[in-house]
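The values are calculated or read from the model by the stated rules, or taken from the named source; none is laboratory data. Bear in mind that the values here come from a model prediction, so they are computed numbers and not experimental data. Cβ placement follows ideal geometry from the backbone for every residue including glycine, while neighbour counts extend to all protein chains displayed.
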């Protein structure tokens with residue numbers, strides 16, 4: 001029966017199937033061929049794999065980022081980064097990296113970061129004379145900071161599957177994420193100087209203060225989420241709920257519509273966008289539950305450990 005699991009695993013992997021289907025299909029093939037196992041037990045294993053309180057943080061963090069985007073706060077965030085870095089050589093490239101880093105600390109998703117920041121900055125970079133291949137590659141690379149710095153969605157999934165502290169994973173990603181942002185800025189600056197890309201005029205002190213004031217709600221959100229987790233005020237899932245509530249309140253106050261209309265519009269658009277998030281991470285958690293159940297049934301880890309001792 002173990003051969004059936006390994007054969008199905010290898011076959012699906014060779015066919016190029018997603019890893020969630022590879023894991024789940026191999027474990028399911030073993031359970032069906034073995035027989036004698038109740039389907040009720042299979043349903044219970046499926047439910048136990050998905051009924052995870054920390055897993056609820058994934059859609060909530062994405063919803064919080066979507067609410068910030070729908071309320072126009074992301075635009076203020078880009079304006080702040082541009083007023084701070086736009087006058088340097090390759091200023092728009094540096095702005096893209098800085099904006100992606102800050103927004104990644106809000107949504108925790110590379111896709112959400114690329115969409116929210118790329119929609120605004122890629123056209124601006126094109127108009128300023130930046131090459132399209134450089135703009136696209138820079139945005140794709142900078143958005144990958146999202147899965148590294150907290151609240152990283154892959155870290156949440158990893159912590160749920162492996163039963164590792166999500167708070168510890170978050171803290172472990174802070175320094176690497178910031179180092180990646182700095183490294184990208186150094187490369188973008190050197191590349192822009194060599195290509196002689198344009199820069200923005202140096203802003204006045206008043207313009208910098210105004211841009212900072214407008215972006216202050218977006219800048220406070222990562223501090224609220226990460227500070228609350230580190231300070232022990234709430235868990236990562238509770239922090240995700242706090243980020244949604246914060247985004248709703250700030251979005252309603254920052255909107256030009258009435259509060260009621262703003263809340264309804266933001267909830268509708270952001271909720272619709274959140275429903276479009278890829279479902280494969282959740283399937284991966286489900287497949288991991290199947291695989292762990294299979295490993296427990298056949299005691300494969302114990303067998304390998306005994307073989308290693310011998």
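For this structure, a couple of remarks:
Residue-by-condition table, conditions (1) buried (at least 16 other Cβ atoms within 10 Å of the Cβ); (2) in contact with a helix residue (DSSP H, G or I) (Cβ under 6 Å, 6 or more places away or on another chain); (3) under 27 Å from residue 241 (Cβ atoms):
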position	(1), (2), (3)
108	yes, yes, yes
115	yes, no, yes
120	yes, yes, no
137	no, no, no
156	yes, yes, yes
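- Tally of residues being touching a residue at least 24 places away in the same chain (Cβ under 8 Å) and either out of contact with any helix residue (DSSP H, G or I) (no Cβ under 8 Å at 6 or more places or on another chain) or surrounded by 17 or more Cβ atoms within 10 Å (Cβ to Cβ) (or both) across the range 221-251: 17
- Residue match in the range 243-258 (condition: modelled with pLDDT of 80 or more, part of a helix (DSSP H, G or I) and more than 22 Å from residue 79 (Cβ to Cβ)): yes
- Residue check, residue 28 at pLDDT 75 or above, surrounded by 14 or more Cβ atoms within 10 Å (Cβ to Cβ) and outside the structural domain of residue 153 (by TED's automatic domain parsing): no
- Qualifying residue in the range 75-83 (condition: within 22 Å of residue 246 (Cα to Cα), within 20 Å of the chain's Cα centre (by Cα) and crowded, with 23+ Cβ neighbours inside 10 Å): yes
- On inspection, residue 141 passes the criterion of being touching a residue at least 12 places away in the same chain (Cβ under 8 Å) and assigned by TED's automatic domain parsing to the domain that holds residue 99.
Let's see how each residue does on (1) under 14 Å from the mean Cα position of the chain (by Cα); (2) in contact (Cβ under 8 Å) with a residue 12 or more places away in the chain; (3) more than 14 Å from residue 187 (Cβ to Cβ); (4) in a helix (DSSP H, G or I):
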residue	(1), (2), (3), (4)
89	no, yes, no, no
92	no, yes, yes, yes
97	no, yes, no, yes
111	yes, yes, yes, yes
121	no, yes, yes, yes
129	no, yes, yes, no
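- Matching option when the condition is modelled with pLDDT of 85 or more and over 22 Å from the mean Cα position of the chain (by Cα), among 197, 187: 187
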